[in-house]
Each structure stands twice: as C-alpha cells, then as structure tokens.
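All of the numbers you see were taken from the coordinates with simple rules; none came from a lab. Just so we're clear, the structure is a prediction, and the values are computed from it rather than from any experiment. Cβ coordinates were reconstructed from backbone atoms using ideal geometry, including for glycine residues, and neighbour counts include every protein chain displayed.
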Amino acid sequence: MASQAKSPWRIALTRALVAVLLALAVSAHVAAPAQAIENLRKYAGIVVDAKSGSVLYEEAADSRRYPASVAKVMTLYVLFQELSAGNLKLSTKMTVSAHAAAAVPTKLGLRSGATITVEDAIKSLVTLSANDMARVIAEHISGSESNFAQRMTATARALGMRNTTYRNASGLPDGGQLTTVRDQAILGIAIYQHFPSYYEFFQTKSFSYGKSTYGNHNRVLGYMGAVDGIKTGYINAAGSNLLTAARKDGRHIVVVAFGFNSSASRDEKVRQLVASYLPKGRSGDYLRTAMIPMPGSQGSTQVAVAQSPSAGPVFVMPMPMPGFRLAQLVAANGAQPQAQVAPQLAVATTAPLPQPMPADLGLQPALQAANTLGAPSQTPQPPVPTQDVIGAWLSDTYNLGAPPSALGQTPPSAPLGYVPPANTGAPAAGQPVDLLTSGSVPVADVSATPGGWVVQIGAGPSEDSARAMLADAAGKAGGLNDFRSYVERFEKNGSVFYRARFVGFGGRDDATAMCNQLKQQDLACLAMQS
C-alpha cells in the first residue's frame with residue numbers, strides 16, 4: 001500500500017525532471033550559435049598615417065577579429081553613398097520593421113511601423129550604437145539586412161579590405177562576420193576622404209530623441225583636442241573595440257585597437273597610441289599613396305578587386321539606385337522591364353578597365369527597366385544614371401572635398417541645416433568642357449550633393465595658372481574679394497590639373513548670382529556645392 005501511495009509522487013517528480021531536462025536541451029540549442037563563435041578576444045592594433053599611408057605601428061594587424069559594432073562604420077559608409085547619390089536625404093523617413101524592432105539592446109526602441117529620419121538614425125548609430133536603427137537603414141537601402149550585408153562586403157572589397165566579410169549591419173554576433181584591424185584602418189581613412197561633410201556626424205557628443213538623451217560611447221573623443229570619433233564596439237567574443245582618428249597641427253592618423261577586456265583598458269591604450277604617434281604623422285598634403293579608391297565614383301568608375309588568390313579581377317560598382325527600388329518604380333508605372341532588374345551591386349567579369357564612354361558599364365538591365373517608363377509622369381521620378389560630363393570634370397578619386405568642421409562643433413541633435421536646392425537642370429550629355437581653361441557651362445545640378453556652395457572659374461595645367469585665373473576673376477568682379485579663394489590639385493587620365501575656386505557662398509542663389517556676374521565679364525564659371 002505504501003509503495004502504491006508513493007506512485008503519484010514519483011510520477012510527478014519524474015515528469016518534473018523530464019520537463020527540466022527538455023528545457024535545458026532547448027536552452028542549449030538556442031545558445032549553440034553564440035557558443036559556436038570562435039573566441040577571438042585577443043589584442044590587435046594598428047596606427048596608420050592618413051596623409052602618407054604609412055603604417056606607424058602594428059600588432060597582429062592581419063589576424064582575424066570580430067568587428068562588433070565597429071561594423072556600423074561600413075553601414076554608415078553605404079548610407080553616405082546613398083545620400084551622395086541623391087537616393088536619400090537627411091530628412092527621408094524610414095520605417096521600422098518587425099525585424100528591426102526585435103533587435104536586442106542596445107537600441108533606440110522604436111516599435112514596428114514607426115518611422116525615423118535618416119539624420120536621427122545616423123546620430124543614434126554614432127552615439128547610442130542602436131542595433132535596431134542599423135537594421136532600419138539596411139532594410140531601407142537594400143530591402144533586407146542580408147542583401148545589405150552583401151553590399152557591405154562588396155564595398156569592403158572595392159576599398160581594398162581584402163580580409164573582411166560582413167553578415168549584418170549592426171555587428172551583433174555572427175561567426176562569419178570577420179575583419180582585421182588593417183582593413184578597418186582602410187575604412188577609417190576612406191570614410192573621411194570620400195564623405196568629409198558627413199564625417200562631422202562622428203563628432204556628435206550627444207543625441208536627444210523623445211524624452212531621452214544619449215551620450216557618445218567613445219570616451220576618447222576630443223582627447224588632446226585631436227580625436228574626432230568614429231566608432232566603439234563590444235560583443236563577448238570580440239571584447240572592447242575602437243576605430244578612431246586624430247587630426248591636429250596638419251597631421252591625421254587612424255588608430256584601431258581591438259580585443260580588450262574593458263573599455264577603460266582599451267581607451268587607455270588608444271590614448272597612448274595617439275600621444276605617441278600623432279606627432280610622428282606627416283604634416284602637409286595628403287599623398288597619393290594615402291588615397292583610397294572610391295567605389296563607383298560618379299556612377300561610372302569601376303574598381304578592380306580580386307575575390308580570391310586564384311580568381312581573376314572583377315569590377316564592383318554600387319548602383320546609383322537600389323535594384324529593388326527601381327523594380328518597384330517600374331511596377332508602379334505599369335511597365336514591363338525588358339530584362340530582370342540588376343542586383344544591388346553589379347559585378348562585371350570583364351578584364352582591363354574600359355575607356356570612359358556613355359555606356360551603362362554594368363547597369364544595362366537596370367537602364368533597360370528605367371527606359372521602359374517612357375515619357376515623364378506627373379509623379380516625380382528618381383534620377384536615372386546618365387553620362388556625367390561635368391561630374392567627370394569636378395570629381396576625381398583623389399579629391400578630399402571640404403574638410404570637416406572643427407572637433408566638437410557638431411551640436412547635439414541639431415540639424416546640419418542642409419536643404420536640397422531646386423533642380424535647375426544639368427548640362428546636356430556630350431557638352432564639351434575645356435579642362436585647361438574652364439569651358440563655358442551653365443550652373444550644374446548638384447542638388448544631391450551636401451556641403452557649402454562654391455564658384456569654380458576654371459582648371460589649369462599648373463598652380464600658377466589657376467591662381468592667375470582667381471586674380472583675374474577677382475579683379476573683374478569686385479564682390480569676389482569677400483570670398484576665400486583656393487586652388488585644388490587633381491588628376492585626370494594621367495594628367496595633373498588645378499581647380500580655381502571661390503568658397504563661402506551662403507547658398508545656391510548667391511553662387512548663381514556671382515556666376516551671372518562673371519559671365520557678364522566674359523568669364524565662364526560653375527556654381528556647385530563642395
């Protein structure tokens with residue numbers, strides 16, 4: 001009888017033990033992906049002179065590491081490409097998906113269906129390191145985070161980051177998301193060179209959204225009056241990481257330090273590296289050896305990259321408009337594309353670089369889809385890539401653009417004040433431009449380009465010839481004496497030229513008015529944003 005009385009208790013106990021074992025099994029299965037990530041929590045560091053390209057210090061610079069949230073620097077690089085191409089504006093609103101809202105902290109915490117502007121999303125990344133907003137950016141640009149990660153990786157290859165693979169936009173744990181500190185130094189230099197106006201965001205010290213204010217995680221920001229931000233990162237398998245830069249007294253270095261057990265020890269090491277190597281940096285111009293090729297410059301330049309030692313070179317070019325968005329545009333107009341819309345990144349397996357020509361250079365499917373739209377409808381249409389003669393004159397791989405503002409000058413949560421000007425129309429394709437003088441051209445449509453307005457009066461074969469142009473223009477148009485003149489060196493097709501420019505115009509109207517005044521003096525000019 002006693003044994004029979006205990007049976008229900010034993011049965012209940014057995015069931016409880018089985019339930020516990022099942023729960024532990026499920027828990028172990030869920031934790032398996034994180035446990036499967038190799039432990040790469042080891043120190044690796046590098047210091048690169050951004051003006052000469054020289055490596056001033058390195059330790060384990062080519063060893064594999066997890067980027068953690070430093071991956072968001074590439075997320076922002078791709079976003080800056082979209083802003084520069086005119087596909088997005090700082091005021092563009094992006095929708096938070098269920099996938100984005102489900103991101104684990106740290107995050108801004110918006111619910112699915114909410115919207116946020118591009119500018120606020122940028123600030124949330126550089127201060128709070130918001131994982132949900134990284135997903136919002138990825139999905140808005142590429143349709144899905146996985147597609148965006150493919151673009152991140154292809155862009156890394158085009159920049160020369162040979163040992164980097166991205167799997168997500170945030171840097172959350174993934175065993176396949178790997179990089180090296182040498183590769184991250186390349187990115188730290190490139191994002192400054194290619195997007196100097198947007199680089200100011202990395203100097204944001206705090207960000208207010210709703211009822212909350214978030215401080216920048218980079219505690220080294222402003223050290224020695226030189227450190228200008230970039231990005232911190234942490235996951236358990238990586239430790240505390242930091243990609244940062246320092247600019248002072250005409251010198252510019254990029255510092256990458258990964259694999260620390262605490263942010264305090266990481267910050268102390270970075271301060272030591274900055275103090276030791278910034279004084280040893282080059283003071284002066286950026287040398288050609290320090291320049292990072294810009295992927296898809298002006299929508300026509302292709303960058304040769306080798307995907308593996310055994311494979312031949314391929315050419316990667318980011319599309320001016322995301323493929324999935326162009327497909328939506330075609331569908332909305334009831335048109336049937338002649339060919340499948342090209343993917344986000346067009347890869348052509350052709351060999352040597354082609355000569356400049358008005359062909360699509362790898363964008364043929366997307367162009368065919370766009371051409372089926374026919375005559376313009378009443379709904380404003382995004383720009384379709386065309387030959388950019390003026391752009392070929394104004395832009396070059398080695399052009400750094402206007403320098404970012406002084407350290408700490410980006411106000412917390414304050415808009416940058418950029419309002420895209422109205423479209424006045426661009427020069428017709430094929431219009432001749434005289435590189436050696438200036439060419440007589442109308443005001444270019446550069447409404448998609450951020451920055452202050454400048455007036456360019458020409459380009460000469462020597463610095464003296466460019467300065468002579470500036471002096472001649474200032475003598476004929478007295479109002480130019482109120483603006484700063486400068487000469488900018490650039491290379492085109494193996495030849496060196498020097499642009500003659502006046503800077504400091506308050507807006508498009510002021511720059512255009514000055515151009516009109518110069519034309520009355522029989523001088524050609526071009527008003528544009530820097």
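Here are some notes:
- Point-to-point label distance, D62-T213, nm (Cα→Cβ direction, 7 Å offset): 4.8 nm
- Net charge of the neighbourhood of A68, taken over other residues with C-beta under 11 Å away and scored Lys/Arg +1, Asp/Glu -1, is +3.
- Globularity index of the range 44-290, i.e. its alpha-carbon radius of gyration over 2.2 N^0.38 Å: 0.94
- Mean sequence separation of contacting Cα pairs (under 8 Å, at least six apart), scaled by the length of the range 477-530, corresponds to a relative contact order of 29 percent.
- For G504, distant residues with modelled amide H under 5 Å away: W453
- Length gained on full extension, E491 to H99, computed as 0.36 nm times the residue gap minus the Cα-Cα distance: 136.6 nm.
- Phi-based couplings in Hz for the range 41-47 (Karplus 6.51, -1.76, 1.60; Gly and Pro marked x): 7, 9, 5, 8, x, 7, 10
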